[in-house]
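Below is one structure, written out as structure tokens; comments come after it.
What follows is calculated from the coordinates using simple rules that are stated; it is not laboratory data. What you are looking at is a predicted structure, and each value in this text was computed from that prediction instead of being measured. So basically every Cβ, Gly included, is an ideal-geometry build from the backbone, and we count neighbours across all protein chains shown.
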Ligand code: ZN
């Protein structure tokens, strides 16, 4: 199982971190060990002093494929949820400054959180999907799938030019503006429309 993540897929978020708006999807990966298993506590990583949440829509791949066209792409995922791409922002800033890869900031154990899966229906994709994140009951991030620079189908087509897609692979499709720091004791809740998908305490 592979975990793909899209960086800078919302203009407002790219700008809040001072990044250029990309002309093709920015793709990075997390290993399987990055996935927080259900009913497992999430601990603040000891190597960071600036842990950021990034709420994202996550797709689950249901069909093996390579060189998938945009037109075919919607057949390759059948489940969606809201998740968190946890980021050690202090480490990422240091790596970015040095032009080094991001894994130590992004791909560590338990850095990928998933909500409850929802089956994807054609109706769900016909209008923009609203998702959001609350920290201690206060809304800190809100996103609309129609604000993505690269749509689900464009992302899948692009990824499949480089990597084979396999059943069970996950795609974190990028975070909207409003990323921020979290501390021990914070309670993060992810929402797909009005439906709560996860509730996570930082231990
Ligand atoms: Zn992200």
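Quick notes
- Listing 191, 47, 152 from fewest to most neighbouring C-beta atoms within 10 Å gives 47, 191, 152.
- Cα-projected label distance for residue 116 with residue 62, points at 7 Å along beta-carbon direction, nm: 1.8 nm
- Set of the stretch 27-41 residues, backbone N closer than 17 Å to the point 7 Å along the Cα-Cβ line of residue 96: 27-29
- Percentage relative contact order, the stretch 1-43, counting C-alpha pairs under 8 Å, at least six apart: 46 percent
- Sum of -39500 (n - 2.57) over DSSP H runs of 4+, divided by residues of the chain (222 nm, nearest 500): -4000 deg cm²/dmol
- Order of 62, 5, 182 - criterion: other Cβ atoms within 10 Å of each residue's Cβ, fewest first: 62, 182, 5
- Relative contact order computed over the chain (Cα-Cα under 8 Å; 6+ residues apart), in percent: 34 percent
- Highest GNM mean-square fluctuation among 18, 168, 180, for the chain modelled with Cα contacts below 10 Å: 18.
- Listing 61, 187, 91 from fewest to most neighbouring C-beta atoms within 10 Å gives 187, 91, 61.
- Taking the DSSP bridge list for the stretch 3-201 and keeping only pairs wholly inside it, about 90 percent are antiparallel.
- With a Förster radius of 30 Å applied to the beta-carbon distance between residue 44 and residue 103, the computed FRET efficiency rounds to 0.95.
- Simple label model, 7 Å out from Cα along Cβ direction - residue 203 to residue 37, nm: 1.3 nm
- FRET efficiency for the pair residue 125 and residue 27, taken as 1/(1 + (r/R0)^6) with r the Cβ-Cβ distance and R0 = 30 Å, rounds to 0.90.
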